[in-house]
Every structure is written in C-alpha cells, then in structure tokens.
1. Do we have any residue at all in segment 85-92 that's within 21 Å of HIS34 (Cβ to Cβ), surrounded by 13 or more Cβ atoms within 10 Å (Cβ to Cβ) and of a type in the set (Lys, Arg)?
2. Please go through segment 38-81 and give me each residue that is over 15 Å from ILE24 (Cβ atoms) and among the acidic types (Asp, Glu), ordered by number.
3. Please work out which residue is surrounded by the fewest Cβ atoms within 10 Å (Cβ to Cβ), limiting yourself to segment 60-84 and to residues that are part of a loop (DSSP other than H, G, I, E, B) and among the small types (Gly, Ala, Ser).
4. If you scan segment 83-113, which residues turn out to be β-branched (Val, Ile, Thr) and within 17 Å of the chain's Cα centre (by Cα)?
5. For a quick check of your reading: which strands (runs of 3 or more DSSP E) sit entirely within segment 90-158 and have at least 2 residues that are among the β-branched types (Val, Ile, Thr)?
6. Without any contact (Cβ under 8 Å) to a residue 60 or more places away in the chain, within 16 Å of the ligand (Cβ to nearest atom) and not aromatic (Phe, Trp, Tyr): does that describe THR41?
7. Go through segment 107-158 and count every residue that is among the aromatic types (Phe, Trp, Tyr), within 16 Å of the ligand (Cβ to nearest atom) and in contact with a His (Cβ under 9 Å, 6 or more places away or on another chain).
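The values are calculated or read from the model by the stated rules, or taken from the named source; none is laboratory data. Please read these numbers as outputs of a predicted model, since none were measured by experiment. Every residue, glycine among them, receives a Cβ derived from its backbone with ideal geometry; neighbour counts consider all protein chains shown.
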Amino acid sequence: MPDMKKIDEIVAQYSETQTPLIYILKDVQKEMGHLSEQVLTEVARKTAIPLSQIYGVATFYSLFTIKEKGKHIVRCCNNAPCYVNGSKEVLEKVKDYLGVETGETTLDKTFTLEFTSCLGLCAVAPVMMVDDQVYGNLTPEKAVAILKDYKMKGSANA
Ligand code: FES
C-alpha cells in the first residue's frame, strides 16, 4: 500500500507555483517507485487535474512507468553495432537466466529487463546497463555472471 501522505507532500510543495505536471509525476515516481493507478488517482485528486490527463502524461513519456519494476533495471542495447557483435545472443542468455521476456520483471522483483537504444559505447559492443553501471565487451556468459553478482549482493544485503 503506497504512502499517500508522500503524494500530499509533493503536491503541496508545488501548490504555489505553476509547476508542470511532469515534475510532480517525476517526484511522485521517485518516491513511490512507479505510477500505479492508485497513485495516479491520488495525484488527480490532490491536483484537481483530470485523471485522463494525468494518465496521458504518465504513459506518454518513457521516463515514467505505470508497472512495478524490479530492484535493478537491466537494459540490453540492441542497436546495429551491438547486434552485429552478438547482442542477440547476450539477450537470449539473459532472458533465459532471468526467466522473463523484455519488458518484464522477475517474480522475485529483483530485475526488470528492458531494451535500450545506443548508449554511445559501440566501441565495446555488445553493451548492457544495470541501473547506472555500463558493461561492455559482453559474452552471454559474462552477462549472466554480472547478473548473478547483483543477485548475490542483493541476498547478502537482505
Ligand atoms: S549500439 Fe550499443 S552502445 Fe552503441
């Protein structure tokens, strides 16, 4: 159950200004993790902005997510330079290891797998990003070893 008081605080912080909705949603997502229907409904109630308008903004911009994501976001680059250097094989192995398709989150909520466009690191293609960390010169085995390391660190901190 999301802490709706946090939404009150965020909306109140912007109440005296003509802050675009996108900034409010950015802060709300940062606090809540994702923009669920329940959260968007509360934002609509607090801002008096129609829910349809809020939903439209939340689903238009790729920086917003209305689905719960995992603790770590795994982004596999699949643009041409990565593709010709084996990103397809890396992605297949990562999907197999995680047991999810692109766009899905593992059952234990540890990883969400996504595509990314070119990260500007084609010289070390194929490339994968986990949260803010970029990994290059990947092989399928290397990619899985990296993810296993994240999983181990996560269970060590649990
Ligand atoms: S195409 Fe993958 S980093 Fe450029």
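1. No, the conditions are met nowhere in segment 85-92.
2. Selection gives GLU68 alone.
3. Per the stated criteria, the residue is SER62.
4. VAL94, VAL100, THR102, THR105, THR106, THR110, THR112, listed by residue number.
5. Result: 111-116.
6. No: the conditions fail for THR41.
7. Count: 0.
A quick yes/no check of all residues on (1) aromatic (Phe, Trp, Tyr); (2) at pLDDT 95 or above; (3) in contact with a strand residue (DSSP E or B) (Cβ under 9 Å, 6 or more places away or on another chain):
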{"residue": "THR59", "(1), (2), (3)": "no, no, no"}
{"residue": "ILE66", "(1), (2), (3)": "no, no, no"}
{"residue": "ILE73", "(1), (2), (3)": "no, no, yes"}
{"residue": "LYS88", "(1), (2), (3)": "no, yes, no"}
{"residue": "LEU98", "(1), (2), (3)": "no, yes, yes"}
{"residue": "GLU104", "(1), (2), (3)": "no, no, yes"}
{"residue": "ASP108", "(1), (2), (3)": "no, no, no"}
{"residue": "PHE111", "(1), (2), (3)": "yes, yes, yes"}
